[in-house]
Amino acid sequence: MEEINYATIGFIAGIILLACLHGLLLAGIFYFHPRFNTHSSKFLALATLGMSIILGYEFIFWLELDQRIDSWLLFVVPYLRTTIPMGLYGFVIFLLQPEHKLSTFEKMGFASIGLEFLIDLTFIPAESYVQSTQQLDTIVWGLTIFGWFLSIVVALAYIPRALRKVVHYQKYIFDHYSTTDRKSLRWLQNFLVLFLVMTVFWIISFVYYVIEDYDTGDLVFLIVTVGLVTLLFWIGYFLILNYHWFQIATVPPQEDEKPQTPAKLSTNTDQYYQQLIALIEKEKVYEDVQLTLEVLAERLDISSGYLSQIIKEKEQKTFFEFINDFRVEAVKAKLIDPEYQHYTIMGIASECGFNSKSTFNAVFKKFTNETPSAYQKRHLVS
């Protein structure tokens, strides 16, 4: 049984070390590589560095290496938990608004990193000059608890705010674009949700440590550790396969801007709506992959806001759903048209305005409840 425990501990420590080194590599890439020469990437480097340092400490503690190292050496590298939420927050806001100016509230969040750094610095003199072991343990424990509490407060204050900005961005692109490829930040939205879930476990482990139930606290913090490992490998995965997702060119209006009062729908709404349908059906503008709300509004000589209201009132759909509904109908017609039987399914989809296989399959399945190949096979057989 003891051998199994040692093997398990060794395996977990190995995974933690691998994730730590992976995170340090990512931090270096995000900070120094010329392809990531943006403010947002610098903040992501800060977050990944913070995750890596925490995992580095976890590796030391899992193998009980802290018992073989002079205790003051453990505090040479700052253990800054606040770098993670503030790094992620900075990544989000500067990814969406590269020219963003920090508010007082945001500056306070980044100042918390400096405060935690000062707290971390006090460990070394305390270790060197406090003679009483009991007094030293009390000081170290108090400083640790305060740093932990500070990082939790920062995470709860800024990560939900960052998540709201991403959700706002997602709503913006679905209201303005017919194609969201190379624009969607769904992965980042899910990433932040996972971090919030991890923060909940962080809080639970913190509570157990405060009440001195260290065994349960360690067990719960293992979930946090797994979460950090997952987040680091997640970032690496998207860096390798979807580099463009770290550079968003479309900048939506800021979330905290005063919303414009919707234009009142006029008596000509029905007329504009009929013109809209006629334009789409006769000129097949949905075949334009780059079609946007603004372009279509210009064709109708009305404002984009007014067009958006018309679509929502008449169709109860976003602009993305509205245009892709026409695209799917066009694909369905061509899938069973004898003249198009020598085309591949993706070839037909491309002619109808889709430029991504994954998006096409997802949209087609959403509107028809079956795959394109299943739809074609069912109708050709019948």
Requested in this report: All but one of (1) exposed (fewer than 15 other Cβ atoms within 10 Å of the Cβ); (2) of a type in the set (Asp, Glu); (3) within 19 Å of LYS171 (Cα to Cα) hold for GLU281, so report the exception by its number.
Outcome: (3)
Report task. Could you please let me know if TYR158 is open to solvent by less than 70 Å² (accessible area, probe 1.4 Å) and in contact with a helix residue (DSSP H, G or I) (Cβ under 6 Å, 6 or more places away or on another chain)? Result -> yes
Report task. List every residue pair whose Cβ atoms lie under 7 Å apart, where the two residues are 6 or more positions apart in sequence or sit on different chains, the first residue falls within segment 79-93 and is more than 21 Å from ILE119 (Cβ to Cβ), and the second residue, located anywhere, is open to solvent by 10 Å² or more (accessible area, probe 1.4 Å) and part of a loop (DSSP other than H, G, I, E, B). Result -> ILE93/HIS100
Report task. Check whether at least one residue in segment 180-194 is of a type in the set (Val, Ile, Thr) and at pLDDT below 90, and report yes or no. Result -> yes
Query - Enumeration of residues in segment 353-382 that are out of contact with any helix residue (DSSP H, G or I) (no Cβ under 8 Å at 6 or more places or on another chain), modelled with pLDDT of 90 or more and hydrophobic (A, V, I, L, M, F, W, C) - result: ALA362, ALA374
Query raised in the report: Among the residues of segment 336-354, is there at least one that is under 26 Å from the mean Cα position of the chain (by Cα) and among the aliphatic types (A, V, I, L, M)?
Result: no
Report task. State yes or no: is GLU298 in a helix (DSSP H, G or I), modelled with pLDDT of 90 or more and touching a helix residue (DSSP H, G or I) at 6+ places or on another chain (Cβ under 6 Å)? Result -> no
Query - Residue satisfying condition, being of a type outside the set (Lys, Arg), open to solvent by less than 20 Å² (accessible area, probe 1.4 Å) and assigned to a helix (DSSP H, G or I), within set PHE354, PHE367, PHE322 - result: PHE322
Query raised in the report: Among the candidates GLN316, GLN309, which residue alone is at pLDDT 90 or above, within 31 Å of the chain's Cα centre (by Cα) and surrounded by fewer than 11 Cβ atoms within 10 Å (Cβ to Cβ)?
Result: GLN316
Query raised in the report: Is there a residue in segment 71-83 that is assigned to a helix (DSSP H, G or I), at pLDDT 85 or above and β-branched (Val, Ile, Thr)?
Result: yes
Report summary line: Considering residues that are at pLDDT 90 or above, among the hydroxyl-bearing types (Ser, Thr, Tyr) and touching a Phe, Trp or Tyr at 6+ places or on another chain (Cβ under 8 Å), the number found within segment 206-230 is 2
Query raised in the report: Counting just the residues of segment 202-219 that are part of a helix (DSSP H, G or I) and open to solvent by less than 70 Å² (accessible area, probe 1.4 Å), which one comes out nearest to ASP137 (Cα to Cα)?
Result: TYR209
Report summary line: When segment 150-190 is checked residue by residue, the ones that are touching a Gly at 6+ places or on another chain (Cβ under 9 Å) and closer than 24 Å to ILE323 by Cα are SER178, THR179
Report task. Sort out which residues of segment 21-40 are surrounded by fewer than 22 Cβ atoms within 10 Å (Cβ to Cβ) and of a type outside the set (Phe, Trp, Tyr), and write them in order of number. Result -> LEU21, HIS22, LEU24, LEU25, GLY28, ILE29, HIS33, PRO34, ARG35, ASN37, THR38, HIS39
Requested in this report: Restricting attention to segment 301-319, report how many residues are in a helix (DSSP H, G or I) and either of a type in the set (A, V, I, L, M) or closer than 23 Å to GLU351 by Cα (or both).
Outcome: 4
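The values are calculated or read from the model by the stated rules, or taken from the named source; none is laboratory data. Everything numeric in this text was worked out from a predicted model, so none of it was measured. Positions of Cβ are backbone-derived with ideal geometry, glycine not excepted, and every protein chain shown enters the neighbour counts. The area values use the complete protein model at the heavy-atom level, side chains included, leaving out ligands, DNA and RNA. Shrake-Rupley method; radii C 1.70, N 1.55, O 1.52, S 1.80 Å.
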